[in-house]
Amino acid sequence: MAQVVCLDDYERLAAEGLGRNALDYYRSGAQDMVTLRENQRAFDRIALRPRVLRDVSAVDTRTTVLGREIASPICIAPTAMQRMAHPDGECATARAAQRKGACMILSSWSTTSVEDVAASTNGALPQPPRWLQLYIYKDRAATRRLVERAQDAGFSAIAITVDTPFLGRRLADIRNRFQMPPHLTLANFHDPARAHLARAESGSAADNASGLAAYVAAQTDPTLNWTHVAWVKSFARVPVLVKGILTAEDAELAVRAGVDGIIVSNHGGRQLDTVPATIDVLEEVCRAVAGRVEVYLDGGVRRGTDVLKALALGARAVFLGRPVLWALNCAGETGVVEMLDIIGEEFRLAMALSGCASIADITREHVRTLPTARL
């Protein structure tokens with residue numbers, strides 16, 4: 001593999017190695033992809049304010065999420081259908097997360113079942129937190145079964161995606177008539193008939209939609225509201241988070257609903273285009289929450305300095321999505337480990353050069369925000 005020195009190098013290599021169907025599915029955003037671009041650009045509008053003459057001879061990146069220790073606040077976001085990127089898919093990602101002591105969220109639309117992902121890791125090594133991302137389906141029994149199976153397999157939290165009553169309009173997928181390769185299924189649907197249905201429907205695109213959009217319209221429930229979060233909490237034996245919050249108002253409603261955490265997310269710019277970058281609304285959400293639950297961020301994180309900026313503005317941890325897919329495609333488990341090493345070392349250096357020896361040293365005073373761009 002060509003020399004890789006930053007996360008963007010993985011994307012460049014993956015663009016050469018992935019087929020068009022998978023590449024466009026992974027990298028595209030909704031409509032004109034304004035939000036997709038803003039997720040990264042917004043970090044450039046935040047300046048670091050380093051403190052000097054601090055003892056940073058030993059920099060400790062350890063932190064906790066929901067009370068569980070992780071090696072650093074750099075975590076792995078849920079991304080669907082990882083076996084399109086590499087044959088080992090979600091299992092390779094889970095092994096890499098274990099090796100690096102990183103929290104990982106598995107997508108409901110995984111091409112590997114929760115049981116197989118759990119079985120793929122090394123029982124001799126400590127297991128960092130592993131969470132399940134959940135779509136609430138019209139079939140409530142299937143939804144509940146998936147939560148129960150995940151819990152039985154050792155998943156320690158459920159993150160409900162709340163920004164997808166319908167799939168965003170992704171033009172590349174429409175042009176490509178996106179479909180999952182025929183040898184793959186959405187493996188978390190344990191009933192073989194349902195797994196087959198997921199594969200078949202994801203390949204039966206209407207003229208004006210991708211196959212996945214047709215599948216989402218058939219399976220997910222646009223009537224969802226806050227009572228359904230309470231419904232999941234009523235039978236979940238693990239903490240429940242919501243993923244997809246972008247406003248103070250919804251953050252307050254989430255806390256009132258009793259969630260255990262909030263992931264500030266715009267779905268990687270793949271749902272409603274021209275919504276703000278996640279880093280631009282992070283502080284608003286954190287102020288509304290006022291420490292009552294932990295707040296996390298995904299979207300646009302590509303540098304160790306991005307991680308530092310997110311923590312300074314109130315995030316407990318950040319989650320990486322597309323960089324995991326690019327690294328996975330390049331070199332499987334090893335690629336994901338090396339990608340986490342690169343951004344992890346960038347983050348450690350950013351902490352040291354900012355005068356921070358521990359996560360607790362990172363404060364709001366370490367950043368200066370510049371005016372938000374007009375979308």
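The values are calculated or read from the model by the stated rules, or taken from the named source; none is laboratory data. Model, not experiment: these values are computed from the prediction. So basically every Cβ, Gly included, is an ideal-geometry build from the backbone, and we count neighbours across all protein chains shown. What goes into the accessible areas is simple: the full protein's heavy atoms, side chains included, and nothing from ligands, DNA or RNA. Shrake-Rupley method; radii C 1.70, N 1.55, O 1.52, S 1.80 Å.
Counting just the residues of the stretch 322-343 that are of a type outside the set (A, V, I, L, M, F, W, C) and open to solvent by 20 Å² or more (accessible area, probe 1.4 Å), which one comes out nearest to the chain's Cα centre (by Cα)? Steps first, please.
To start, the set of residues in the stretch 322-343 that are of a type outside the set (A, V, I, L, M, F, W, C) comprises 322-323, 329, 332-335, 338, 341.
Now restrict to residues that are open to solvent by 20 Å² or more (accessible area, probe 1.4 Å): 322, 329, 333-334, 338, 341.
Details: R322: 9, N329: 17, E333: 18, T334: 20, E338: 18, D341: 18 Å.
Only one residue tops the list, namely R322.
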### Members of the stretch 153-169 that are closer than 15 Å to I76 by Cα and open to solvent by less than 10 Å² (accessible area, probe 1.4 Å)
F155, A157, I158, A159
#### Entry: Number of the exception - R144 against (1) among the charged types (D, E, K, R); (2) modelled with pLDDT under 95; (3) open to solvent by 20 Å² or more (accessible area, probe 1.4 Å)
(2)
## Note on the structure
Pairs returned, first residue in the stretch 21-49 that is polar (S, T, N, Q), second residue that is surrounded by fewer than 21 Cβ atoms within 10 Å (Cβ to Cβ) and outside any loop (DSSP other than H, G, I, E, B), beta-carbon separation under 8 angstrom, 6 or more apart or interchain, are N21/N176; S28/L171; S28/A172; Q31/L171
### Query
When the residues of the stretch 85-101 are filtered to those that are touching a Ser or Thr at 6+ places or on another chain (Cβ under 7 Å) and hydrophobic (A, V, I, L, M, F, W, C), which remaining residue is least open to solvent (accessible area, probe 1.4 Å)?
A94
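Confirm whether I136 is within 21 Å of D298 (Cα to Cα), buried (at least 18 other Cβ atoms within 10 Å of the Cβ), touching a Pro at 6+ places or on another chain (Cβ under 9 Å) and not charged (D, E, K, R).
Working: within 21 Å of D298 (Cα to Cα): yes; buried (at least 18 other Cβ atoms within 10 Å of the Cβ): yes; touching a Pro at 6+ places or on another chain (Cβ under 9 Å): no; not charged (D, E, K, R): yes.
Here the answer is no, as I136 does not meet what is asked.
State yes or no: is D8 closer than 22 Å to L353 by Cβ and either among the acidic types (D, E) or outside any loop (DSSP other than H, G, I, E, B) (or both)? Walk me through how you get there before you give the answer.
Working: closer than 22 Å to L353 by Cβ: yes; either among the acidic types (D, E) or outside any loop (DSSP other than H, G, I, E, B) (or both): yes.
For D8, the condition - closer than 22 Å to L353 by Cβ and either among the acidic types (D, E) or outside any loop (DSSP other than H, G, I, E, B) (or both) - is met.
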### Residue ID - nearest to Y135 (Cα to Cα), chosen from residues in the stretch 102-124 that are at pLDDT 95 or above and open to solvent by 30 Å² or more (accessible area, probe 1.4 Å)
E115
### Task
Please enumerate the residues belonging to the stretch 58-84 that are more than 16 Å from the chain's Cα centre (by Cα), touching a residue at least 40 places away in the same chain (Cβ under 8 Å) and outside any strand (DSSP E or B).
A58, V59, T61, R62, L66, A71, R83, M84
